1. All but one of (1) among the aliphatic types (A, V, I, L, M); (2) open to solvent by 70 Å² or more (accessible area, probe 1.4 Å); (3) in contact with a Ser or Thr (Cβ under 8 Å, 6 or more places away or on another chain) hold for V481; state the number of the condition that does not hold.
2. Report yes if M62 is in contact (Cβ under 8 Å) with a residue 60 or more places away in the chain, open to solvent by less than 60 Å² (accessible area, probe 1.4 Å) and not polar (S, T, N, Q), otherwise no.
3. Just checking, does the range 203-218 include any residue being without any contact (Cβ under 8 Å) to a residue 40 or more places away in the chain and over 30 Å from D305 (Cβ atoms)?
4. Taking L244 as meeting all but one of (1) open to solvent by less than 70 Å² (accessible area, probe 1.4 Å); (2) in contact (Cβ under 8 Å) with a residue 60 or more places away in the chain; (3) assigned to a helix (DSSP H, G or I); (4) more than 21 Å from L371 (Cα to Cα), write down the number of the exception.
5. Given the structure, is P697 within 58 Å of the chain's Cα centre (by Cα), open to solvent by 70 Å² or more (accessible area, probe 1.4 Å) and under 22 Å from L508 (Cβ atoms)?
6. Give the number of residues within the range 589-606 that are assigned to a strand (DSSP E or B), more than 21 Å from L654 (Cα to Cα) and open to solvent by 20 Å² or more (accessible area, probe 1.4 Å).
7. What's the total number of residues in the range 637-683 that are within 40 Å of the chain's Cα centre (by Cα) and part of a strand (DSSP E or B)?
8. Given the conditions (1) open to solvent by 10 Å² or more (accessible area, probe 1.4 Å); (2) touching a residue at least 12 places away in the same chain (Cβ under 8 Å), and given that K293 satisfies all but one, which numbered condition is not satisfied?
Amino acid sequence: MKLPLNWVRDYAKIETTPHEYAEKMTMSGSKVECWECEADQIKNVVIGKILSLERHPDSDHMWVCMVDVGKAEPLQIVTGAQNLKVGDLCPVALDGSTLPGGVEIHRGKLRGVESNGMLCSLGELGLTTHDFPHAIEDGIMVLDEKVPVGTDATKALGMDDVSVEFEITPNRPDCLSIRGLARETAATYGVPFEDHVPPMPQGEGDINDWLRVQISAPLCSRYVAAMVTNVRVAPSPRWMRERLRLCGVRPINNIVDITNYVMLEYGHPMHAFDYAYVGGKLIHVRNAVEGEKIVTLDGVERALDPSMMVIADEKAPIAIAGVMGGEFSGVYDSTKTIVFEGACFDGPSVRVTAKKVGLRTEASGRYEKGLNPDNCLPAICRALELVRELDAGDIIGGVIDVYPHPRTERHLPLRADAINHLLGTNVPESEMVEILKPLGFGIVGDTDGDRTVVVPTDRYDVERDCDLAEEVCRYVGYNKVPSTIMKGVATARPTERQNFHDKMIEALVGYGLYECETFSFYSRKAWDNINLPADDPLRHAVVIMNPLGEDTSIMRTTAVPSMLEVVARNYNARLPEVALFENPTEYIPGESAEELPTEREKLILAVYGGRYDYLALKGMVEGLLATAGIKGAKFVRNATGTTYHPGRCADVMLGDVRLGTVGEIHPTVLANYGIKPRTWVADLSFDLLFEHRGGTPEFTPLPKHPAITRDLALVADETVPAADIAERIEQGAGSLLESLTLFDVYRGENIGAGKKSLAYNLVLRDPVRTLTDEEADDAIRRVLSGLAEIGVVIRS
């Protein structure tokens with residue numbers, strides 16, 4: 001929001017510098033982004049008067065001018081412009097002057113004739129014919145009013161005002177107006193806010209004889225219409241054009257400029273319809289009908305749907321409510337009668353509509369933040385007041401005001417103790433009253449502890465004590481609030497899932513892995529890179545409507561590609577060893593487009609390099625299971641995968657539940673990512689780990705009775721998984737087995753082809769008595785009997 005300082009002085013009489021103003025307004029809660037003055041780019045340019053014009057002796061299109069610039073002697077200046085005559089007043093850039101864009105003007109010669117400066121055009125001063133309609137674009141700017149010779153051109157052309165740009169937060173739509181910021185200015189500087197309340201203008205006739213207004217859209221809270229006939233379209237006066245330019249709005253004509261001027265002054269968008277194109281003398285605020293279309297003012301045909309509000313006449317839509325008018329809703333030189341619109345539409349509805357039709361306008365940006373319907377009528381009255389002041393037409397008597405459910409003022413108790421408790425201050429209640437009144441708040445009651453704050457309807461962001469505390473604090477001064485120790489005890493505690501998450505992350509860091517983070521979106525090429533089958537359900541993804549690019553067009557359904565990209569990046573950086581983990585989220589789309597996707601939390605581990613292999617990664621996964629308190633999980637060989645190397649990966653199973661997969665990545669997948677070393681990845685479901693977590697560990701006292709150890713050297717077929725052998729040993733030994741350790745694996749000629757030898761250490765113990773050798777031998781016999789069933793025998 002841009003605010004010209006001279007405009008704000010209409011409401012608050014302040015004398016200040018831009019730097020001081022920016023600092024004070026920022027400290028009082030209205031953040032200033034920057035300020036600028038057009039005059040800062042223009043130096044040593046004055047108004048001069050043409051005394052004589054003579055043809056250049058060596059050119060058929062140049063003129064040698066003698067120009068009076070208010071000095072002792074006139075200056076000789078050579079120009080190629082053809083629109084000058086003796087007596088014209090125009091801007092003159094003197095020797096050593098500076099123009100917008102850093103252009104410097106110096107004395108020189110043009111075809112042998114000395115020129116002591118330059119006569120300036122509109123463009124050279126950073127202006128256009130919209131700012132000065134009487135001027136021409138391809139010639140020297142000639143002033144149409146009397147100005148003393150030698151006057152600084154920036155002052156003569158109204159370019160010496162300062163425009164301050166504010167960052168307006170979404171909760172303060174009232175500050176999207178000159179009046180709103182002027183009220184803040186008056187409160188900040190402690191001067192009266194001199195508001196101008198436009199009267200209800202009187203006119204000829206009755207508007208009800210000309211127009212009907214009907215609201216059937218529930219999201220239109222108010223619609224006010226007024227009419228002007230015998231419209232006299234002409235350029236706006238200079239003071240209005242200057243203020244519009246400083247606010248970044250291009251002047252067009254008096255009627256359009258009035259609507260823009262009121263929008264800036266009151267923060268409420270307006271529109272002017274050409275009455276000749278309002279069919280049936282009806283303005284109907286309704287939702288669009290399926291299949292309806294409208295050509296907007298920019299000449300683009302746009303499709304409408306029933307979720308969009310439109311302004312319609314008896315036949316068809318003539319504007320998209322809160323966004324842009326229709327093709328024939330504007331004001332033209334031929335316009336004779338206009339309808340001024342001052343309406344209030346639901347902010348979220350306008351935002352959705354603007355996004356659907358691909359239009360972002362000044363009006364829609366204001367409506368989106370939520371406007372005060374009570375401003376509709378004052379804005380209309382101000383527009384009619386300007387019509388009369390500019391003699392832009394004849395006002396038709398009365399206004400049509402449809403306001404089904406008026407907004408009411410909110411009443412809050414002024415609890416000074418609660419406000420001081422929140423701020424850690426000791427501000428008297430009487431001082432709070434003096435702070436709130438200049439901001440537009442009403443105060444009911446005269447006794448401390450018995451006052452009520454009446455919140456104005458344009459400050460619906462103020463709902464409770466903390467909001468009043470904010471208003472008090474920003475005018476007491478944030479820098480004046482004393483530093484105090486926080487009162488009370490924080491009751492927030494991490495959830496059980498958060499504690500579990502922290503415990504798992506700490507375990508992974510303890511294993512020497514580094515955490516990484518990746519984006520939640522990628523392209524469909526990621527599925528091809530990991531050899532995902534064409535019919536795999538994971539190829540059905542949530543598509544992003546407005547992606548940053550093709551590489552970020554869908555939400556990921558598996559996080560393995562994201563991790564492999566990080567591994568590839570580290571490999572390309574020539575790291576000889578990598579150990580990474582991530583706690584990502586995967587997004588599985590619902591059955592319908594309206595259903596939100598299911599978010600699955602995962603743990604992804606990836607390693608390659610000298611000390612890492614499958615067993616090292618498997619050991620980390622086993623450690624995670626132990627940290628989670630999960631017992632009985634098994635690693636079941638998986639020979640069907642396409643992302644992992646067949647036969648070199650395993651599913652982590654807990655009964656019939658698959659907790660995840662761990663194994664070596666397929667060589668073709670590694671080639672797709674340009675990774676040469678063998679790489680192992682574990683893909684675990686964090687959700688399932690948390691769901692099947694164990695309880696609080698129980699203390700187990702040190703054993704009182706000695707253990708008996710037995711070593712078994714077994715021979716089995718290569719096809720028999722070690723996990724099956726361990727399971728048979730555990731079943732045979734039963735409750736006497738305290739621990740089981742695989743300490744050697746051998747393959748060689750001594751045991752035959754297709755065979756492997758595994759050596760296990762068994763620790764047997766009875767917790768309540770001393771175990772005998774006979775009991776231990778019986779346990780070993782049961783173990784060997786169970787192993788024989790799967791073809792495993794003692795190595796001879």
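The values are calculated or read from the model by the stated rules, or taken from the named source; none is laboratory data. Because the structure is predicted, anything quoted here is derived from the model rather than measured. When we count neighbours, we look across all protein chains shown, and the Cβ atoms used for this are built from the backbone with ideal geometry, even at glycine. Accessible surface areas use protein heavy atoms only, side chains included; no ligands, DNA or RNA. Shrake-Rupley method; radii C 1.70, N 1.55, O 1.52, S 1.80 Å.
1. (2)
2. no
3. yes
4. Of (1) open to solvent by less than 70 Å² (accessible area, probe 1.4 Å); (2) in contact (Cβ under 8 Å) with a residue 60 or more places away in the chain; (3) assigned to a helix (DSSP H, G or I); (4) more than 21 Å from L371 (Cα to Cα), only one is false for L244: (2).
5. It is true that P697 is within 58 Å of the chain's Cα centre (by Cα), open to solvent by 70 Å² or more (accessible area, probe 1.4 Å) and under 22 Å from L508 (Cβ atoms).
6. 2
7. Matching residues across the range 637-683 total 11.
8. Unmet condition: (2).
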